[in-house]
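What follows is a set of notes on a single structure, which appears directly below.
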Amino acid sequence: NCGIKSVSLVHPSMLELRDFEQAQGPVLLLTSKDDPELNEEFAVVKAKPFGQLSYQERYNDRIHGFCGARGDFSDPDVVRDVNRVIQLTAGFFR
């Protein structure tokens, strides 16, 4: 146990089923169209005692990295989705 109680994964990469099996707290999973869907992996988290505190949302119109350096912040739709990710993440850790 490393002391991490929950995680937010924004357009994640290089995750494996094992990562979800080893989760010891709630997971916020926010993926883009370029990321694996991870639905089966996320179901493992949802089946855990803290699963009801976990949440998943997919951004099918967004590229991997849209919340960071690859985001087109001149596009109001991207800005809207980035703000949603920020709100979800802030709310998740309250």
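The values are calculated or read from the model by the stated rules, or taken from the named source; none is laboratory data. The model shown is predicted, which means the values in this text are computed figures rather than measured ones. To get the accessible areas, we keep the full protein, side chains included, count just its heavy atoms, and leave off ligands, DNA and RNA. Shrake-Rupley method; radii C 1.70, N 1.55, O 1.52, S 1.80 Å.
In table form, for the structure just shown:
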item	result
Percentage relative contact order, the chain, counting C-alpha pairs under 8 Å, at least six apart	27 percent
Average accessible surface area per residue within segment 50-94, 1.4 Å rolling probe, Å²	64 Å²
GNM result for the chain, Cα springs below 10 Å: residue of Phe42, Phe50, Phe66 fluctuating most strongly	Phe50
Accessible-area composition of the chain, carbon plus sulfur, in percent [1.4 Å probe]	52 percent
Heavy atoms of Cys67 accessible to a 1.4 Å probe, total area in Å² rounded to 10	40 Å²
Helix-only [θ]222 nm of the chain, DSSP H runs n ≥ 4, -39500 (n - 2.57) each, per residue, nearest 500	-9500 deg cm²/dmol
